[in-house]
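What follows is calculated from the coordinates using simple rules that are stated; it is not laboratory data. This is a predicted model, so every value here is computed, not measured. With ideal geometry, Cβ positions are generated from the backbone for all residues, glycine too; neighbour counts draw on all protein chains shown.
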């Protein structure tokens, strides 16, 4: 049995995690074995996310410090729940959860919270399809560089065309 001090410490830790996280996802892990839970945790660690099994009452108390998250998540705390806190990129965490839930049917994505908004399972799965920050930066850089690259190629064509005309004149022998 947890003492009051332990409960207060757990509530404080959860509140701190909610404060640091860019997104949080509520999942039901009922039916998953220890090996599957460990695998999911190992999958989340490199992408700056963590999974925390929580007591529903303690999680609801921790949410009181974060009104937006409270309104988004508090209604769904029924059954066996775990919170996945995304400290890094939220799409990467959503993608990891979505892919893992396809492999392990026992993992149910219930709801989520990001930027003051509640996310349902469909929105979380859509978030999982978005490219990561580095990929978006590469796409933007490619888009910005394309006109300059085309301009340089166009400028290079004038002397290249002139050289081809001279080479053709030389080859014709006239």
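Counting pairwise Cα distances across the stretch 132-174, what percent come out greater than 16 angstrom? Percent of Cα pairs beyond 16 Å in the stretch 132-174: 59.
Eigenvalues of the alpha-carbon gyration tensor of the chain, scaled by 5 and square-rooted, set the equivalent ellipsoid semi-axes at 55, 17, 13 angstrom, largest first. Rg then Dmax, both in Å and based on the Cα atoms of the stretch 1-79: 13.2, 35. In the chain, the longest principal axis of the Cα atoms and the axis of helix 4-20 are about 20 degrees apart.
What does the convex hull of the Cα atoms of the stretch 101-144 come to per residue, in Å³, rounded to a whole number?
98 Å³
In plain terms, the chain from residue 166 to residue 139 could stretch by 5.7 nm, reckoned as 0.36 nm per residue minus the Cα-Cα distance.
Between 0 and 90 degrees, the angle of helix 90-103 with respect to the longest Cα principal axis of the chain falls at about 70 degrees.
The calculated pair-distance distribution of the stretch 76-174 uses every alpha carbon pair, bins of 5 angstrom beginning at 0, and gives 2, 10, 14, 14, 10, 7, 6, 5, 5, 5, 5, 5, 4, 4, 3, 1, 1, 0, 0 percent. Label sites at residue 5 and residue 50, each approximated as a point 7 angstrom past Cα along Cα to Cβ, lie 2.2 nm apart. Compared with the alpha-carbon gap, the fully stretched path from residue 20 to residue 104 is longer by 27.4 nm at 0.36 nm per residue.
The relative contact order of the stretch 45-96, computed from alpha carbon pairs under 8 Å that lie at least 6 residues apart in sequence, is 57 percent.
Measuring nothing but how far apart in sequence close Cα pairs (under 8 Å, 6+ apart) lie, relative to its length, the chain scores a relative contact order of 27 percent. Taking label points 7 Å from Cα along the Cα-to-Cβ direction, residue 157 and residue 76 give a separation of 5.3 nm. For the chain, the longest principal axis of the C-alpha atoms and the axis of helix 133-172 are separated by about 10°.
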